[in-house]
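All remarks here apply to the structure that follows.
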Amino acid sequence: HRNLALLTKAIIGQSHNVPLTVELYVRVAFLHSVAVAIKSQPTYLASKDRFWEEVDIALLDIRNAKDTKKITLMFIQLYQNDVNTFGAPENSELKTAPALAH
């Protein structure tokens, strides 16, 4: 496993000029949490081809909170869990871009 900066860069690849932002790391942390959950299931070999279905189920679970602040906190918690488990993005040699303007 890798920290979020390295994982995100591996997903994006070398040919794309996508800035590595904390917002992107949070999204990748969500996807990473789904992948880790699938891998921990006893039926892993049968379910690994269902990744995007599992992503949809996880998103529905989060949306059921129906509260923007709670949803934001859920995503932040997923990010923090990933950082605590796999290391912080700033511990890689990759540079994190400033947050995007909203």
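Determine whether ALA99 is farther than 20 Å from ARG2 by Cβ and surrounded by fewer than 14 Cβ atoms within 10 Å (Cβ to Cβ). Yes.
One line per residue, one yes/no per condition, for (1) assigned to a helix (DSSP H, G or I); (2) within 22 Å of SER40 (Cβ to Cβ); (3) not basic (Lys, Arg):
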position: ILE71; (1), (2), (3): yes, no, yes
position: MET74; (1), (2), (3): yes, yes, yes
position: TYR79; (1), (2), (3): yes, yes, yes
position: THR85; (1), (2), (3): yes, yes, yes
position: ALA97; (1), (2), (3): no, no, yes
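The set of residues in segment 1-29 being under 12 Å from the mean Cα position of the chain (by Cα), in a loop (DSSP other than H, G, I, E, B) and crowded, with 18+ Cβ neighbours inside 10 Å consists of ASN3 alone. Restricting attention to segment 60-88, the residues being in contact (Cβ under 8 Å) with a residue 12 or more places away in the chain and either within 15 Å of PHE30 (Cβ to Cβ) or basic (Lys, Arg) (or both) number 11. Of all residues in segment 56-83 being over 13 Å from the mean Cα position of the chain (by Cα) and among the polar types (S, T, N, Q), which is surrounded by the most Cβ atoms within 10 Å (Cβ to Cβ)? Within segment 56-83, the match that is surrounded by the most Cβ atoms within 10 Å (Cβ to Cβ) is THR72.
Whenever a residue of segment 1-22 is more than 22 Å from THR85 (Cα to Cα), its partners that are assigned to a helix (DSSP H, G or I), lying with C-beta atoms within less than 8 angstrom and at least six residues away or across chains, give the pairs VAL18/ILE12; VAL18/LEU24.
The numbers here are math on the coordinates, done by the rules we state, and not lab data. What you see is a predicted model, and the numbers here were worked out from it, not measured in a lab. Methodologically, a virtual Cβ is constructed for each residue, glycine included, from the backbone with ideal geometry; neighbour enumeration extends over all protein chains shown.
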